[in-house]
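Everything below concerns the one structure shown next.
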Amino acid sequence: MTIIRPAKVTDIKGIHEIIEYYASNKKMLHKSLNTLYEDIQEFVVLENNNKVIACGALHVSWEDLAEIKSLAVLDEYQRQGLGRKIVSNLQKNAKKLGINKVFVLSFNPEFFVKLGYKKIQKDNLPHKIWRECVDCHLFPGCGEIALTFDL
Ligand SMILES: CC(C)(COP(=O)(O)OP(=O)(O)OC[C@H]1O[C@@H](n2cnc3c(N)ncnc32)[C@H](O)[C@@H]1OP(=O)(O)O)[C@@H](O)C(=O)NCCC(=O)NCCS
């Protein structure tokens, strides 16, 4: 049975493995174990038979904006609606916090377009979000596409 729930510290190694798999294929950005432990409260996971098979995170950027981050579903579980399930759960969490808009920076914009997200110019996002970008080794030409969704 597959369940969606907030991440626990015991999930972090599984989350790290999934993200590193896609990061090594240039589909996501790398995340250190240290960052994942520090950001654990932002993460939800999908668990199947005690194994983390998908993850995603919600990072509050400002009073009216949050970012969907680190979304990934293990290869063998893709195209079964799990990515959509995680995004929907993170959107609900944003709504509960009183946030009406989410955004994502993704190398895979077509998935988010399918979910109703709209492509925008990255320059339209608040300056604050660039803090993480400027520290990234791919800055300034990473090629991630910005998309937003009104909740
Ligand atoms: C992107 C990703 C999370 C999608 O997860 P998934 O579980 O396969 O997606 P779902 O099954 O929930 O798909 C939901 C819808 O999006 C569509 N979709 C899924 N992947 C797609 C893609 N790459 N391009 C276009 N549409 C896509 C599905 O067909 C489905 O549409 P439908 O409801 O009309 O059938 C997954 O492919 C993944 O982990 N990719 C590698 C990491 C990555 O790119 N993360 C993106 C954020 S940085």
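With the simple model of a label 7 Å out from the Cα in the direction of the Cβ, Trp130 to Asp64 spans 2.1 nm. Computed about its Cα centre, the charge dipole of the chain is approximately 440 debye, with only Lys, Arg, Asp and Glu carrying charge at their Cβ.
Evaluate E = 1/(1 + (r/R0)^6) for Ser88 and Ser32, where r is the Cβ-Cβ distance and R0 equals 22 Å; express this FRET efficiency to the nearest 0.05. If you can, show how the numbers build up before the last one.
Numbers: r = 28 Å, r/R0 = 1.27.
With a Förster radius of 22 Å, E is 0.20.
Take every DSSP beta bridge whose two residues both sit in the chain; close to 95 percent of them are antiparallel. Projected label points at Leu151 and Asn48, each 7 Å from Cα along the beta carbon direction, are separated by 2.7 nanometres.
Using every pair of separate Cα atoms, the Kirkwood estimate puts the hydrodynamic radius of region 2-150 at 15.6 angstrom. Projecting the Cα positions of Thr2, Met28, Val60 onto the charge dipole of region 2-150 (unit charges on Cβ atoms of Lys, Arg, Asp and Glu, taken about the Cα centre) puts Thr2 furthest along the positive direction. Length available on full extension from Gln80 to Glu20: 0.36 nm per residue minus the Cα-Cα distance, which gives 19.4 nm. Extension gain, Ile3 to Lys122, is 39.5 nm, computed as 0.36 nm per intervening residue step minus the present C-alpha separation.
Using a 1.4 Å probe on the protein heavy atoms, what percent of the accessible area of region 2-150 belongs to carbon and sulfur? Carbon and sulfur: 51 percent of the exposed surface of region 2-150. Using just its DSSP H runs of length 4 or more, each adding -39500 (n - 2.57), the chain gives a mean residue ellipticity at 222 nm of -8500 deg cm²/dmol after division by all residues.
The values are calculated or read from the model by the stated rules, or taken from the named source; none is laboratory data. All of these numbers come straight from a predicted model, not from anything done at the bench. Here the Cβ is made from the backbone with ideal geometry for all residues, glycine too, and neighbour counts use every protein chain on show. Surface accessibility is based on the protein's heavy atoms, side chains included, excluding ligands, DNA and RNA. Shrake-Rupley method; radii C 1.70, N 1.55, O 1.52, S 1.80 Å.
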